Amino acid sequence: MPGELPVVVIGAGPVGLAAAAHLTQHEIPVVVLEAGDRAGTAVAQWNHVRLFSAWSELIDPAAEKLLDAAGWQRPAPTAYPSGADWVDDYLAPLAAALKDRIRYGVRVTGVARRGRDRVVDAGRETEPITVHADTQAGEERFSARAVIDASGTWMSPNPLGGDGLPAMGERAHADRIAYRVPNLADAEVRARYAGRRIAIAGSGHSALTAIVALVDVAKEHPGTEILWLLRRGAVGAVFGGGDADQLPARGALGQRAKAAAEAGHVRTVTGFRTSDVTTTADGRLVLESFDGHQLEPVDEIVVLTGFRPDLSTLSEVRLDLDPVLEAPRRLAPLIDPNVHSCGTVYPHGVAELTQPEPNVYVVGMKSYGRATTFLAMTGYEQVRSIVAELAGDHEAAARVELTLPETGVCGGAGVFDDPAESAGGGCCAPAGPQLVQIGFPERS
Ligand SMILES: Cc1cc2nc3c(=O)[nH]c(=O)nc-3n(C[C@H](O)[C@H](O)[C@H](O)COP(=O)(O)OP(=O)(O)OC[C@H]3O[C@@H](n4cnc5c(N)ncnc54)[C@H](O)[C@@H]3O)c2cc1C
């Protein structure tokens, strides 16, 4: 009977683990399937990045109860952890408290209604859900009463190409293109960028983080040059809300990047939509835009243009997604930067996340599709509400128990990565690429 089966949670990231904690609190059996070999596999890959959320905004309330019962050493609520701290001081102990409810090295490959593809109507309300996965021992199937997909978007970064597809030559030069914020504290990675000309594409907080870190390299290694490519037609509010941002560390990051740009360490090109990556005779990389502009040759490219959800695992279940953002249709208007562009996130729950396929939910970073403003707190509230619904507590499921911080920016950037380019660029921006001077270069 589906009612006696566990809930399968896909992904042991912050939101998947929070879902497991809420399910455990309600005494609902749960199996978490994690592709990596540890909790927080995706977060661990940006362990060198400092979060702009303080600890008080990164701990799920149900998880906190489980951790307290296990004698957890609570981090100082006002401190800002790095990705590594978030894993070591919260996600790993939480995973330990969840014990054998988590299976590692299990990559989910598909979700379906048992014995029925997405076209068949009969039995969708009564048959359990099957989850197909690859494990080291081979293929495995899990039966579930419900599936909570918290698999994030980290595995599918957006390409450099301005049309959302890889630019011509992008794949061929993949050895000199990074899609994540480089860890410049690592001597080998630092050596890769020191003294080089680097193009950074993207306008979100990952790009700002990379710029601030690369400017430090440039100060130490004077030959280092940073060329910042924005698809949007104007710099606009790309540096965020500053003091008006209710997450102070997020506002401060924007101000540090702005100061770096104003000191002339960064040259900024707006309105640049990459079409081709070619090479010069001496092997340097040349970026060309769709309108035929070529940039001066660079040695390395860092693409921080956001992430997108991998929906291939959900192709046999019935989802109602917004055609633009690939987010649940009822959630999309709350987060679409084309509509409200404030980069602010809105709390929501089971009402917005219910799909035509009964008991299948997409949550966490993945639920935001291509929108970029996701905060862990939002995900914790999503799974609190969904689990309350699964537990039959409809009143608690409908309640909103969260107030989220404002970014202090309207008409501008999203939070992490390149948001919809129309925000802050839009109708009135000059056509074609523009080299924009922000501040004045330092004289040597
Ligand atoms: C550089 C950076 C800085 C950030 N800073 C902040 C911040 O300050 N504050 C904040 O609130 N948020 C921040 N975020 C957003 C942050 O990523 C999310 O809040 C949080 O990690 C989202 O959690 P999640 O569980 O939805 O996804 P993830 O953390 O991505 O976890 C998904 C998990 O699913 C696993 N998985 C993926 N595919 C499969 C599969 N097919 N089968 C099984 N397992 C799978 C992955 O290995 C991973 O462990 C930041 C993000 C980035 C990239």
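Read-outs throughout are calculated quantities, based only on the coordinates presented, and are distinct from any laboratory measurement. These numbers come from a predicted model, not from an experiment. All Cβ positions, even for glycine, are placed from backbone atoms using ideal geometry, and neighbour counts span all protein chains on display.
What relative contact order, as a whole-number percentage, does the chain give when Cα pairs under 8 Å and 6 or more residues apart are counted?
Values: 1023 pairs, mean separation 84.8, N = 444.
With pairs under 8 Å counted, the relative contact order is 19 percent.
For a quick check: sort Asp299, Asp163, Asp134, Asp175 by the number of other beta carbons within 10 angstrom, fewest at the front. Present the calculation step by step, with values, prior to reporting the outcome.
On the way: Asp299 17, Asp163 11, Asp134 14, Asp175 6.
Result, fewest neighbours first: Asp175, Asp163, Asp134, Asp299.
Calculated FRET efficiency, Asp117 and Glu296, Cβ-Cβ r, R0 51 Å, to nearest 0.05?
Working: r = 52 Å, r/R0 = 1.02.
Computed FRET efficiency for Asp117 and Glu296: 0.45.
Which of the chymotrypsin sites (Phe, Trp or Tyr not before Pro) found in region 353-392 are loop residues per DSSP with 16 or fewer other Cβ atoms within 10 Å of their Cβ?
On the way: sites: Tyr361, Tyr368, Phe374, Tyr380; in loops: Tyr368, Phe374.
Taking region 353-392 and a limit of 16 other Cβ atoms within 10 Å, no loop chymotrypsin sites (Phe, Trp or Tyr not before Pro) are found.
Checking the cross-link filter: which lysines have an alpha carbon closer than 25 Å to that of Lys65, excluding same-chain neighbours under 8 positions apart?
Partners found: Lys99.
Quick one: order Met365, Met377, Met155 by neighbouring beta-carbon count within 10 Å, fewest to most. Kindly include the intermediate steps, with their values, before the conclusion.
Working: Met365 26, Met377 22, Met155 14.
With the fewest neighbours first, Met365, Met377, Met155 line up as Met155, Met377, Met365.
Helix 248-262 against the longest principal axis of the chain: what's the angle in degrees, Cα atoms only, rounded to the nearest 10?
20 degrees
To check you understand DSSP bridge types, tell me what percent of the beta bridges within region 1-114 (both residues inside) are antiparallel, rounded to 5.
Details: 1 of 8 bridges.
Bridges in region 1-114 that DSSP calls antiparallel: roughly 10 percent.
In nanometres, what is the gap between the two model label sites at Ser56 and His132, each 7 Å from Cα along Cα-to-Cβ?
About 4.8 nm, to one decimal.
Just tell me which aspartates and glutamates come within less than 13 Å, Cα to Cα, of Lys219; anything on the same chain fewer than 8 places away is out.
Glu442
Just going by the charge dipole of region 90-229, with Lys and Arg at +1 and Asp and Glu at -1 on Cβ, which of Trp228, Thr135, Pro157 is farthest out on the positive end?
Positive-end residue among those listed: Thr135.
Counting each DSSP H run of 4 or more residues in the chain as -39500 (n - 2.57), what helix-only mean residue ellipticity at 222 nm follows after dividing by all residues, to the nearest 500 deg cm²/dmol? Could you put the intermediate results ahead of the total?
On the way: 13 runs with 106 residues, N = 444.
That comes out to -6500 deg cm²/dmol.
Please give the length that would be gained between Arg141 and Ser82 if that part of the chain were fully extended, namely 0.36 nm times their separation in residues minus their C-alpha to C-alpha distance (nm, one decimal).
Details: separation 59, 0.36 × 59 = 21.24 nm, distance 3.57 nm.
Residue separation times 0.36 nm, minus the Cα-Cα distance, leaves 17.7 nm.
Could you give the length gained by full extension between Glu125 and Glu316, i.e. 0.36 nm per residue of separation minus their alpha carbon distance, to one decimal place? Kindly include the intermediate steps, with their values, before the conclusion.
Numbers: separation 191, 0.36 × 191 = 68.76 nm, distance 1.50 nm.
Result for the pair: 67.3 nm of gain on full extension.
R0 = 25 Å: FRET efficiency of Arg399 with Ala69, Cβ-based, nearest 0.05?
Numbers: r = 25 Å, r/R0 = 0.98.
Efficiency at R0 = 25 Å is approximately 0.55.
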